[in-house]
Amino acid sequence: MLRAVIFDFNGIIVDDEPIHFKLFQRVLGEEGITLTEKDYYARYLGFDDRGAFTAGYHENNRSLSESKLAELIARKAVYYQEAIRNHVTIFPGVKSLIADLAPRLPLAVASGALRDEIEAILSTAALLHPFTAIIAAEDVAQGKPEPEIFLKALERINAGRDQRDQINAADCLVIEDSKEGIKGARRAGMKCLAVTNSHPAQLLKDANAVVKSLTEVDLDFLESLYA
């Protein structure tokens, strides 16, 4: 039975994956590391900043200290704020779906993005209020495809509920656009709806269902995944 919905952020709510690619490419380029668009979408999309920078250094046989990693993440965050200042695009169907779900189900965001980035964009789009919980990169030790971020979102949803009314992982649906996100959701024991905003459908086949756009989705559709 569907009792909660957890949204990914980048590539599901906000259309900013091309921005993230350009910024990873820029920061890594400043460090003498080349990142192509093909490599980003094949291997990096779905990682949080920590995972992406670590992969970039590892694939180029470069060591990366914790202090250097923190500096790279902070530098990209500054560039990101500059990039989105006058350019925030919410994917079609997102606002209507959230409006449909919010009166009936608890909603959460589980994202590898930084909390300030998530909250700034949701506030600008008037979408912050409907979410019971926001789990960001700072809240987890291991990003996707590990299940920690989704389990923590569920824990936060359940925090305000009576013990007899706790929601189980099997009753949660995750909405994702990446292979790593799908893996993390399934490892958490949750169902997953994938949207082809970033990858073609054949690469998202491990999800319970795949759609082209959230304009195709409403509460009845999501509940049908539990029939």
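When you scan region 55-73, how many residues do you find that are surrounded by fewer than 16 Cβ atoms within 10 Å (Cβ to Cβ) and in contact (Cβ under 8 Å) with a residue 40 or more places away in the chain?
Qualifying residue count, region 55-73: 0.
Of (1) aliphatic (A, V, I, L, M); (2) surrounded by fewer than 17 Cβ atoms within 10 Å (Cβ to Cβ); (3) farther than 20 Å from Ile13 by Cα, Ala52 satisfies all except one. Which?
If we test Ala52 against (1) aliphatic (A, V, I, L, M); (2) surrounded by fewer than 17 Cβ atoms within 10 Å (Cβ to Cβ); (3) farther than 20 Å from Ile13 by Cα, just (2) comes out false.
Counting just the residues of region 166-179 that are at pLDDT 95 or above and outside any loop (DSSP other than H, G, I, E, B), which one comes out surrounded by the fewest Cβ atoms within 10 Å (Cβ to Cβ)?
Ala170
For region 186-227, how many residues are over 20 Å from Leu97 (Cα atoms) and either part of a helix (DSSP H, G or I) or aromatic (Phe, Trp, Tyr) (or both)?
Here the count works out to 6.
If a residue must be among the charged types (D, E, K, R) and within 10 Å of the chain's Cα centre (by Cα), how many such residues does region 167-179 contain? Give the steps one after another, and end with the answer.
As a first pass, look at region 167-179 and keep what is among the charged types (D, E, K, R): 171, 176-177, 179.
From the residues that got through so far, the ones that are within 10 Å of the chain's Cα centre (by Cα) too are 176-177.
Of the residues in region 167-179, 2 are among the charged types (D, E, K, R) and within 10 Å of the chain's Cα centre (by Cα).
With the requirement that a residue be assigned to a loop (DSSP other than H, G, I, E, B), in contact (Cβ under 8 Å) with a residue 12 or more places away in the chain and of a type outside the set (S, T, N, Q), what does region 88-118 give you?
Val88, Phe91, Pro92, Gly93, Ala102, Arg104, Leu105, Pro106, Gly112, Ala113, Leu114
What residue, of Val217, Val195, is surrounded by fewer than 21 Cβ atoms within 10 Å (Cβ to Cβ), assigned by TED's automatic domain parsing to the domain that holds Phe9 and touching a residue at least 40 places away in the same chain (Cβ under 8 Å)?
Val217
For Gly46, state whether it is on the phi > 0 side of the Ramachandran plot, buried (at least 19 other Cβ atoms within 10 Å of the Cβ) and assigned by TED's automatic domain parsing to the domain that holds Ser198.
For Gly46, the condition - on the phi > 0 side of the Ramachandran plot, buried (at least 19 other Cβ atoms within 10 Å of the Cβ) and assigned by TED's automatic domain parsing to the domain that holds Ser198 - is not met.
Quick one: would you say Ala141 is closer than 29 Å to Ala74 by Cβ, without any contact (Cβ under 8 Å) to a residue 24 or more places away in the chain and of a type outside the set (S, T, N, Q)?
For Ala141, the condition - closer than 29 Å to Ala74 by Cβ, without any contact (Cβ under 8 Å) to a residue 24 or more places away in the chain and of a type outside the set (S, T, N, Q) - is met.
The values are calculated or read from the model by the stated rules, or taken from the named source; none is laboratory data. This is a predicted model, so every value here is computed, not measured. So basically every Cβ, Gly included, is an ideal-geometry build from the backbone, and we count neighbours across all protein chains shown.
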